[in-house]
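Below is one structure; the comments refer to it alone.
The values are calculated or read from the model by the stated rules, or taken from the named source; none is laboratory data. Keep in mind that what you see is a predicted model, and the values were worked out from it rather than measured. Please note: Cβ atoms are built from the backbone with ideal geometry, for glycine as well, and neighbour counts cover all protein chains shown. Accessible surface areas use protein heavy atoms only, side chains included; no ligands, DNA or RNA. Shrake-Rupley method; radii C 1.70, N 1.55, O 1.52, S 1.80 Å.
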Amino acid sequence: MSSSNSLSDSSSIKRLIVVLLFDGVDLLDVTGPPEVFALLQRETGDATGYHVVLAAETMDPVTTSAGVRVLPDLTFQEASARSIDTLMVPGSVEVDDQGRVQALADPTVVQWVKALAGRTRRIASVCVGAHILAAAGLLDGKRATTHWSTARQLAADHPSIEVDADPIFIREQNVWTGAGITACLDLSLALVAEDFGEAIALRVARQLVMYLKRPSGQSQFSVPIEPVSTTRRMDDLRHYVTRHLAEPLTVGVLADHAHVSERQLTRIFKTELGMTPAAYLESARIEVARNRLESTDDTLERIASACGFHTTDTLIRAFRRKLNTTPTEYRNRFRHAGERP
């Protein structure tokens with residue numbers, strides 16, 4: 001597998017996009033953006049729109065996390081001699097025997113990102129590729145996003161970065177960071193919109209069968225109740241919350257269930273989950289409401305009641321605050337196709 005454009009005609013290409021390759025890289029991070037850029041060319045008939053190449057340390061095949069081998073078009077050294085329009089940095093992770101995800105940043109790749117950044121107009125990380133940009137010092141003092149599962153790691157490893165795990169993507173000057181996996185399509189569409197306008201980007205989105213192009217401020221939508229708790233008491237509390245979402249779960253009620261003081265309960269939540277009990281409750285309720293909106297015909301009133309929001313106004317405010325959308329808009333966009341009326 002290699003990029004579709006020939007290197008021989010690169011002199012006529014206006015925008016050279018270099019996608020980095022390295023062993024263990026997430027396959028979709030590599031293949032998703034070029035698909036978007038290829039559809040742009042098909043939509044516009046403009047062969048000089050983008051020229052996508054895959055660059056690696058050597059010309060040897062690179063084995064991705066999916067086990068698929070990908071052929072580079074050129075080496076990092078060769079890329080460093082070119083004027084790059086957009087440098088796209090995918091990511092990779094390792095998962096331990098307890099299912100915990102850790103983003104990786106190979107030192108060799110980090111050094112090449114530093115070197116290539118100086119020849120690049122625009123830099124974009126895909127998913128956990130933000131960890132590589134961070135290690136290269138390109139996110140210092142900036143706001144950035146990444147996949148929600150490694151956001152805490154990014155913030156802990158790089159305190160100078162303002163990590164926001166909620167948006168689909170974030171732009172800070174010429175540096176873009178994208179969220180989880182399929183959000184690489186949203187990020188790529190945003191790059192197309194910046195270069196060719198919103199109308200063209202929407203035409204490409206339709207070809208991708210994406211309902212519409214999500215804006216940068218849009219949430220990653222799933223509200224992950226992470227990280228996994230490390231004590232039986234917290235596990236019990238979380239299960240209790242899940243079973244009693246429709247009830248008025250105050251801090252006092254939860255503290256009584258856990259046989260601790262309200263102050264101690266708040267400290268436990270912040271230590272174990274990095275959030276207050278109220279924030280956790282809202283996230284849990286939104287997650288259940290989100291699933292019901294996707295998979296049932298329940299009215300908003302019924303969903304609000306079942307999830308503990310009690311009124312539709314409270315449900316709507318929570319969705320606007322956390323997901324930057326309304327329950328109705330969410331259902332229209334994410335309702336399971338097989339269950340539509």
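Per residue, how much accessible area does the chain show when a 1.4 Å probe rolls over the protein heavy atoms, in square angstrom?
It amounts to 47 Å² per residue over the chain.
Give a residue-ordered list of calculated ³J(HN,Hα) values for region 67-80 (Karplus: 6.51 cos²θ - 1.76 cosθ + 1.60, θ = phi - 60°; whole Hz; x for Gly, Pro).
x, 7, 8, 10, 9, x, 8, 7, 8, 4, 4, 5, 5, 5
Over all distinct Cα pairs, what is the inverse of the mean 1/r for region 37-81, reported as the Kirkwood hydrodynamic radius in Å?
Working: mean 1/r = 0.0819 Å⁻¹.
So the Kirkwood estimate lands at 12.2 Å.
Under a Cβ-Cβ cut-off of 14 Å, what is the net charge of the residues other than PHE309 that fall near it, where Lys and Arg count +1 and Asp and Glu count -1?
The answer is +2.
Quick check on the chain: helices-only [θ] at 222 nm, where DSSP H runs of length 4 and up contribute -39,500 (n - 2.57) each and the sum goes over total residues. Nearest 500, please. Mind dumping the intermediate values first?
Details: 14 runs with 148 residues, N = 341.
My calculation for the chain gives -13000 deg cm²/dmol from helical runs alone.
From the phi angles alone, apply the Karplus equation (6.51, -1.76, 1.60; θ = phi - 60°) to region 239-246 and give each ³J(HN,Hα) in whole Hz, x where the residue is Gly or Pro.
Here the 3J(HN,Hα) series is 5, 4, 4, 4, 6, 10, 4, 6 Hz.
Mean projection of the alpha-carbon convex hull of region 35-132 over all orientations, in nm²? It would help to have the intermediate numbers written out before the result.
Working: hull surface 29.8 nm².
Taking a quarter of the hull surface, the average projection is 7.4 nm².
Treating the Cα atoms of region 113-202 as identical point scatterers in vacuum, please give the log10 of the normalised Debye intensity I(q)/I(0) at q = 0.18, 0.24, 0.26 Å⁻¹, two decimals.
Log10 of I(q)/I(0), two decimals: -0.73, -1.18, -1.31.
What Kirkwood radius, in Å to one decimal, follows from the Cα pairs of region 56-111?
When all Cα pairs of region 56-111 are included, the Kirkwood radius is 13.4 Å.
Leaving out ligands, DNA and RNA, what percent of the accessible area of region 105-205 is carbon and sulfur, probe 1.4 Å? Write out the running numbers ahead of the final one.
Details: 1830 of 3620 Å².
Carbon plus sulfur share of accessible area: 51 percent.
Could you compute the net charge surrounding THR64? Neighbours are other residues with a C-beta less than 10 Å from the C-beta of THR64; K and R count +1, D and E count -1.
Taking every other residue near THR64 into account, the sum is -2.
When ranked by the protection proxy of mean other Cβ atoms within 10 Å per residue, highest first, what sequence do the peptides 243-252, 59-68, 123-132 form?
Ranked from most to least packed, the peptides come out as 123-132, 59-68, 243-252.
Taking N as the number of residues in the chain, what value does Rg over Cα atoms divided by 2.2 N^0.38 Å take? Don't skip to the end; give the middle numbers.
On the way: Rg = 22.1 Å, N = 341, 2.2 N^0.38 = 20.2 Å.
Compared with the compact-globule rule of thumb, the chain sits at 1.10.
If I stretch the segment between HIS310 and SER295 completely, what's the gain in nm (0.36 nm per residue apart, minus their alpha carbon distance), one decimal? Walk me through the numbers before you get to the answer.
Details: separation 15, 0.36 × 15 = 5.40 nm, distance 2.01 nm.
My answer for the length gained is 3.4 nm.
With the Cα gyration tensor of region 158-202 in hand, convert its eigenvalues to equivalent ellipsoid semi-axes via √(5λ) and list them largest first in whole Å.
Over the Cα atoms of region 158-202, the semi-axes work out to 22, 12, 7 Å.
Enter the per residue convex hull volume of region 256-304, computed from alpha-carbon coordinates, in Å³ rounded to the nearest integer.
Hull volume over Cα atoms, normalised by residue count, gives 93 Å³.
Test of understanding: in a Gaussian network model of the chain with alpha carbons linked when under 10 Å, which of THR150, THR182, THR299 would top the mean-square fluctuation ranking?
Of THR150, THR182, THR299, the Gaussian network model singles out THR299 as fluctuating most.
Taking just the C-alpha trace of region 250-341, give me its Rg and Dmax in Å.
Radius of gyration, then largest Cα-Cα span, for region 250-341: 15.4, 49 Å.
Note down the relative contact order for region 107-214 as a percent, whole number, built from C-alpha pairs under 8 angstrom at least six residues apart.
Result for region 107-214 is 23 percent.
Before anything else, pin down the relative contact order of region 253-341: Cα pairs under 8 Å, at least 6 apart, normalised by residue count, whole percent. Please report the intermediate quantities before stating the final value.
Details: 59 pairs, mean separation 19.0, N = 89.
For region 253-341, the relative contact order is 21 percent.
State the antiparallel share, in %, of DSSP beta bridges confined to the chain, rounding to the nearest 5.
Numbers: 10 of 30 bridges.
Within the chain, antiparallel bridges account for around 35 percent of the total.
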